[in-house]
Every structure is written in C-alpha cells, then in structure tokens.
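Here the structure is laid out as structure tokens; the discussion comes afterwards.
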Amino acid sequence: MISGTTQEKCHPDRSGAKASGVEGPAFLRIRSNRPFNPSAYRLASLCLFSLLIFSAACNRGPSQPAATAQSAAKRYALKGKVVSIDKQSATANINNEPISGFMDPMVMPYATKPPAALDQLQPGDTITADVVVQADNTYWLENVKIIGHSKTPDGKLAP
C-alpha cells in the first residue's frame, strides 16, 4: 500500500484518492465495456499476416543471376546445315536459313548446350535447333535435332 505522502508526490491533484497499489501511467490501464470479439481479432491477424507476406514479396532481392539471365534470353528457331565441326573451340559452323526477327542466312559458329550434342553432329547434317541469345550477346544452340544425315560422295549415308 502507498503512504499518503507518496501518493501526494505521485498524484498531487488527487490528494484525497485512495491508492490502488498499481503504479504507472493511466493509458496502460485500458478497460472496455465491450465483450471480447474473436472474429475481430481473426480479421486483424489476417490483415497483418497479409501485409507481412505482401511486403516480403515486394522487397525480395533478385533471384539467382543465372535464372534471371536465362529468362531474359531470347530464343529463335534455327534450321540449317552443318558445314564443319571445330572440336578445339567446341563449336559447329552452321549454314543457317533466315531466322525470322534475328538474322539473314549465313554461316556462323555455334556452341551447343549440352556440349555432348556437338558429338552427334557431322558435316552435311541438316538440323533444327533453338538459338538462345542473352542480353550480353552470348549465344548457343539448344534442343539440337538432326533431321537429315550427311551423304558420302557415292550417295550412301555416312556412319
């Protein structure tokens, strides 16, 4: 219990009031005559949770750089003929038909992904593939399919 002199120091304007034994600012002692409403608490919790999820989604950093670069890459359909294979540089020189929206017909070296696709190609093979071009102008072939095999000079298929 608080003595009269202590009460007067804490509450000089309420000198006649009795001390309740609870000290502290009045705003901490909130009382309401309204009954407890669980649906209001659920609604408030749902709103707070939604706000946290939304802010986390908006503030996330970039995902892995490789995935971002891969998604920013442009793809074009290629059809052409293998002119030569350069094992040292791991490329195939392809005489491609016009690639709509990308380039005119020309002979150009292409790397392949996966690199093992290069081992299946032979000069003279007709292929289809996807040309993948990144923003930094690096390019390669993916999904390489042989649609026609090369022929030897005597008209037989090469092994």
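What net charge do the residues around Met106 carry, taking every other residue with its C-beta under 14 Å from that of Met106, with Lys and Arg at +1 and Asp and Glu at -1?
Result for the neighbourhood of Met106: 0.
Find how much the distance from Ala135 to Ala111 grows on full extension, using 0.36 nm per residue of separation minus their present alpha carbon separation; answer in nm with one decimal.
Additional length available on full extension: 7.0 nm.
Could you order the peptides 96-108, 129-141, 41-53 from most to least packed, using the average number of other C-beta atoms within 10 Å per residue?
129-141, 96-108, 41-53
List residues of the stretch 106-137, by number, whose backbone nitrogen lies under 14 Å from a label position 7 Å along Cα→C-beta of Asp86.
107-112
Quick note: the coordinates plus some simple rules give every number you see, no bench work behind them. Nothing here was measured: the structure is a model prediction, and the numbers come from that model. Counting neighbours? That spans all protein chains shown, and the Cβs are built from the backbone with ideal geometry, glycine included.
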